[in-house]
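Visitor: Quick one: the structure is below, questions incoming.
The values are calculated or read from the model by the stated rules, or taken from the named source; none is laboratory data. Source: prediction; values computed, not measured. Positions of Cβ are generated from backbone atoms using ideal geometry, with glycine treated the same way; all protein chains shown enter the neighbour counts. Heads up: the accessible areas ignore ligands, DNA and RNA and are worked out on the full protein's heavy atoms, side chains in. Shrake-Rupley method; radii C 1.70, N 1.55, O 1.52, S 1.80 Å.
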Amino acid sequence: MSTITIDAPESRSNYPSTLTIETYTQTVIRMLTWVLGSIVFCLAMVDFYAQTYAHETELALLQAQTEMLEQNNDLRMSDVNQYIAGTPSVLTRPADNHTQMCKKMKEYTWKGFFRDYTILVYVGLGENPSIDFVHGPGEMIKDLPAHTLGKTL
């Protein structure tokens with residue numbers, strides 16, 4: 001035999017249950033947490049992809065430059081586009097750090113949400129100039145040449 005318990009009406013509270021209000025607020029808090037967490041995750045992924053594209057481009061350019069030097073050739077500006085990952089914005093500026101050797105630099109910038117990642121490609125002179133230096137976003141100050149260490153960053 002089974003026993004069934006029935007609550008008598010007089011044992012129930014006459015006030016509305018606070019359990020539904022607590023459950024509702026917990027559900028709202030959980031939903032807000034998931035939505036905010038998803039938004040932060042998506043923004044972090046945008047930044048991660050920008051960083052990854054900049055790093056892949058830097059490594060590809062350095063490797064291509066090394067391979068061309070082993071063959072006694074120079075990596076030229078016309079060859080650079082095949083090594084660019086993603087869609088960076090490109091600016092051409094006068095060279096700042098290597099002015100005695102290079103006259104121009106191309107600045108490739110990938111925009112992340114939290115930070116921008118920039119690669120500086122120093123080029124020589126001419127119609128199709130050679131790539132002289134590639135400086136990526138992860139370089140330390142000590143990697144720069146000695147003549148630039150006294151300058152204000």
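Visitor: Counting only C-alpha contacts under 8 Å and six or more residues apart, can you give the relative contact order of the stretch 75-135 as a whole percent?
Guide: The value is 31 percent.
Visitor: Give, rounded to the nearest 20 debye, the magnitude of the charge dipole that the stretch 75-135 has about its Cα centre when Lys and Arg contribute +1 at Cβ and Asp and Glu contribute -1 at Cβ.
Guide: Taking the Cα centre of the stretch 75-135 as origin, the dipole is about 120 debye.
Visitor: Rounded, prolate or oblate: which fits the stretch 41-110, taking a ≥ b ≥ c as square roots of the Cα gyration tensor eigenvalues, rounded meaning a/c under 1.5, else prolate when a/b beats b/c?
Guide: Because a/c hits 1.5 or more and a/b fails to exceed b/c, the stretch 41-110 counts as oblate.
Visitor: Starting at the first residue of the stretch 29-39, write each ³J(HN,Hα) from the Karplus equation 6.51 cos²θ - 1.76 cosθ + 1.60 with θ = phi - 60°, in whole Hz, x for Gly and Pro.
Guide: 4, 4, 5, 4, 4, 5, 5, 5, x, 5, 5
Visitor: Cα extents of the stretch 75-135 along the three principal axes, largest first, in whole Å?
Guide: Each principal axis gives a Cα extent; for the stretch 75-135 these are 35, 24, 15 Å.
Visitor: Using per-residue counts of other Cβ atoms within 10 Å, averaged over each peptide, order 126-132, 36-42, 53-59 from highest down.
Guide: Descending packing order for the listed peptides: 53-59, 126-132, 36-42.
Visitor: Can I ask one more? Order Lys106, Lys111 by their accessible area, 1.4 angstrom probe, all chains in place, largest first.
Guide: Listed by decreasing accessible area, they come as Lys111, Lys106.
Visitor: Okay, next question. Rolling a 1.4 angstrom probe over the protein chains, ignoring ligands and nucleic acids, what is the accessible area of Thr92 in square angstrom, nearest 10?
Guide: 80 Å²
Visitor: Work out how much length Gln82 to Leu36 would gain on full extension: take 0.36 nm times their residue separation and subtract the Cα-Cα distance, in nm to one decimal.
Guide: Result: 12.8 nm gained on full extension.
Visitor: Between Gln71 and Met101, 0.36 nm times their residue separation minus their Cα-Cα distance comes to what?
Guide: Gain on extension, Gln71 to Met101, equals 8.6 nm.
Visitor: On a C-alpha basis, how far is the centre of the stretch 98-134 from the centre of the stretch 62-83 in Å? Whole number, if you could?
Guide: Using only Cα atoms, the two centres lie 14 Å from each other.
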